[in-house]
Amino acid sequence: MEEATGDYLESEPDAVFPPDCSESNETFSRVQLLYSQHIIAWPNFSECLPHCGMCQVFASDPTYIVYNLLLIGFFLPLIGLCGLIGNGLSAFIYYRPEMRSSTNLYLCALGCSDSAVICTAIFLFCIDSIRRYSLHLSLVFGALSPIVYPAGMTAQTCSVYFTLVAAADCFVQVRSSIFSNQLSKKNRLYFSTSAFSGLSLF
């Protein structure tokens, strides 16, 4: 394989398909397109399938394409936007001085983590469903999905932890006013929130 120059790959003399595979299919056409634009190097093949995540074959049934585009490409971002607005308003209200309490601060953190879950879900599902129509979207998805996916998993774990901590805090407030006063201190709240956020990374 020749060395890459800049951000582009030089053509390889052995860019050929496996001899026992038919070249008249959508996967091979996609490989040829990406290779001709110097986006990928010529991939290896296993059982006539390329080792290339960007070369996957999309579903071709017209009914499924329209259904997928409407449901995931349109309704999912719309519902996600409503969720972002609701979580943003909740976090804003819970963080106001008049609403400051241990439980409300945990709920504020929960709203922030849920917003992160929504943003990553919109990227992973919506962009994935419409990237068939744009080569640039495919490049963006391929470059950012290894970062966005772990971030989404971390945000989901944070949401679970914050929900459990908020429930435990409510239980403590009901059972003991002494423990409740101790847990209401800001430094304890910020420490526990930061600790659970860090724990979500592992």
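Please determine, by comparing only the residues of segment 8-21 that are assigned to a loop (DSSP other than H, G, I, E, B) and at pLDDT below 70, which one is surrounded by the most Cβ atoms within 10 Å (Cβ to Cβ). Residue satisfying both the conditions and the ranking: Leu9.
Against the list (1) over 27 Å from Thr163 (Cα atoms); (2) out of contact with any Lys or Arg (no Cβ under 8 Å at 6 or more places or on another chain); (3) buried (at least 19 other Cβ atoms within 10 Å of the Cβ), the condition Ile130 fails is (3).
Inclusion of Leu105 among residues that are surrounded by 15 or more Cβ atoms within 10 Å (Cβ to Cβ), modelled with pLDDT of 75 or more and not basic (Lys, Arg) is warranted.
For beta carbons closer than 7 Å, sequence separation of 6+ or different chains, a first residue in segment 136-149 that is closer than 17 Å to Arg30 by Cβ and touching a residue at least 60 places away in the same chain (Cβ under 8 Å) and a second that is among the charged types (D, E, K, R) and crowded, with 17+ Cβ neighbours inside 10 Å, the qualifying pairs are Ser138/Arg131.
The values are calculated or read from the model by the stated rules, or taken from the named source; none is laboratory data. From a predicted model like this one, the values you see are computed outputs, not experimental measurements. Ideal geometry is used to build each Cβ from the backbone, glycine not excepted, and the neighbour counts take in all protein chains shown.
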